[in-house]
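Shown next, in structure tokens, is the structure this report addresses.
The values are calculated or read from the model by the stated rules, or taken from the named source; none is laboratory data. This structure is a prediction, so every number in the text was calculated from the model and none was measured. So basically every Cβ, Gly included, is an ideal-geometry build from the backbone, and we count neighbours across all protein chains shown.
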Amino acid sequence: MNHVFIVNPAAGKGNAVKEISPNGMQALQERGDSFEIHRSLSKQEIYDYVHKVAEKGEPVRFYACGGDGTINDVLCGMIGFSNAELAVVPLGSGNDFVRNFTNKQNFLNPGAQFASRTMNIDVIRVGDTYSINMLNIGVDCDVVVAAKNASGRIIKGSMAYLVGVAQVLPKAKGYKMRYELDGKTYEEELFLAAVANGMYCGGGFKSSPRSSLTDGLIDVSIIRPVQGAKLLQMLLKYHQGTHLKDKEADKYIKYFQCKKFTLEPVGDINVSIDGEVSIFKRTEFEIMPGAVKLAVPQGCELIQ
């Protein structure tokens, strides 16, 4: 098998290439496996390169070395190729995707990586692109943007998200959106909408606690505007993943699981797809069960 390391040069405080252990490369050579290290230049360049390698038809494992956005870039290039496997070397600021597994530190262990097993996991089709973890729309996306721009730098993990929260919530507004469910169309003002395959966002916020990467379902949380002290209470529970158990949750949260779902903004709004922000338009989401082979490092288990 060929092992291809797709490296985001900006990840790991600019030391992403150094994070790839020379001992790990030697171990691959001793196994008789070939490898290459490819420094990424842009989202499109990653897609083009990964697609070109995958379409050769030879067994290949792509290691996404960077944050959740890099994982998404590699995913989009390799999806649909049965000869391709996805591996993850989490070097980003949030690293939310690997939080769906126990012993997530093993994703940084070359020995555990090369002794991995593969499992098929679901992917969400998002119009003409894909998501492996979560989409955040509305105030949640505004927080992502603020966190990345805070003081002109990216602050790591939950702290970055909290900085974004502090900037956005005092002036947060609702967004009008339309969504279709069970053949009916609804239009209302929403605080945010989260369309999830995995459980975590924002560097450790357990915003979709019932999600599973292998259940063949999309988890949708639609949250209506929340004000005052209740907003702070809900934010804490949103971080802990207990918000769906709140005794007043039904007043603010509409949660459901589905295989297809359509959402349309009324006005201008952004979406964060696996941490990467773009303009959001009317979109149909559809689950693709078992669409990608994921290399799960030795000692890691999917959290259910």
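Miscellaneous remarks
Residue by residue, here is whether (1) surrounded by 18 or more Cβ atoms within 10 Å (Cβ to Cβ); (2) part of a loop (DSSP other than H, G, I, E, B) holds:
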| position | (1), (2) |
| --- | --- |
| 225 | no, yes |
| 239 | yes, no |
| 251 | no, no |
| 256 | no, no |
| 261 | yes, no |
| 268 | no, yes |
| 277 | no, no |
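- In the condition set (1) part of a loop (DSSP other than H, G, I, E, B); (2) within 22 Å of residue 148 (Cα to Cα), residue 46 is compliant with all but (1).
- The residues in the stretch 196-220 that are assigned to a strand (DSSP E or B) and either in contact (Cβ under 8 Å) with a residue 40 or more places away in the chain or at positive phi (or both) can be counted, and the count is 5.
- Exactly one residue out of 118, 102 is within 20 Å of residue 200 (Cβ to Cβ), outside the structural domain of residue 164 (by TED's automatic domain parsing), modelled with pLDDT of 95 or more and not charged (D, E, K, R): that is 102.
- Every residue from the stretch 75-94 that is over 11 Å from residue 54 (Cα atoms), of a type in the set (Gly, Ala, Ser) and in a strand (DSSP E or B): 87
- Complete set of residues in the stretch 143-161 that are in a helix (DSSP H, G or I), among the aliphatic types (A, V, I, L, M) and modelled with pLDDT under 65: 150
- Residues in the stretch 125-139 that are modelled with pLDDT of 95 or more and among the polar types (S, T, N, Q): 129, 131, 133.
- Scanning the stretch 25-67 for residues that are closer than 22 Å to residue 107 by Cβ, among the acidic types (Asp, Glu) and touching a strand residue (DSSP E or B) at 6+ places or on another chain (Cβ under 8 Å) turns up 33, 36.
- Criterion: touching a Lys or Arg at 6+ places or on another chain (Cβ under 8 Å), among the small types (Gly, Ala, Ser) and either buried (at least 17 other Cβ atoms within 10 Å of the Cβ) or at pLDDT 95 or above (or both) - qualifying residue of 54, 64, 112, 87: 87
- Residue in the stretch 100-109 that is closer than 27 Å to residue 210 by Cα, out of contact with any Phe, Trp or Tyr (no Cβ under 9 Å at 6 or more places or on another chain), in a loop (DSSP other than H, G, I, E, B) and touching a residue at least 24 places away in the same chain (Cβ under 8 Å) present: yes
- Residue match in the stretch 279-286 (condition: touching a residue at least 24 places away in the same chain (Cβ under 8 Å), more than 28 Å from residue 82 (Cα to Cα) and crowded, with 17+ Cβ neighbours inside 10 Å): yes
- Test: residue in the stretch 30-42 that is surrounded by fewer than 16 Cβ atoms within 10 Å (Cβ to Cβ), among the β-branched types (Val, Ile, Thr) and assigned to a strand (DSSP E or B): yes
- Conditions (1) assigned to a helix (DSSP H, G or I); (2) at pLDDT 95 or above; (3) within 23 Å of residue 114 (Cβ to Cβ): number failed by residue 27: (2)
Residue by residue, here is whether (1) β-branched (Val, Ile, Thr); (2) modelled with pLDDT of 90 or more holds:
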residue: 123; (1), (2): yes, yes
residue: 141; (1), (2): no, no
residue: 170; (1), (2): no, no
residue: 186; (1), (2): no, yes
residue: 207; (1), (2): no, yes
residue: 221; (1), (2): no, yes
residue: 229; (1), (2): no, no
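- Residue satisfying all of: in the stretch 191-204; touching a Phe, Trp or Tyr at 6+ places or on another chain (Cβ under 6 Å) and more than 19 Å from residue 258 (Cα to Cα); surrounded by the fewest Cβ atoms within 10 Å (Cβ to Cβ) among these: 203
- Pair list, Cβ < 7 Å and 6+ apart or interchain, from the stretch 245-265 residues that are closer than 22 Å to residue 230 by Cα and assigned by TED's automatic domain parsing to the domain that holds residue 192 to residues that are at pLDDT 85 or above and loosely packed, with under 15 Cβ neighbours inside 10 Å: 252/224
- Being basic (Lys, Arg) and over 23 Å from residue 189 (Cβ atoms) is a property that does not hold for residue 254.
- Residue that is touching a residue at least 40 places away in the same chain (Cβ under 8 Å) and crowded, with 18+ Cβ neighbours inside 10 Å, where the choices are 134, 119: 134
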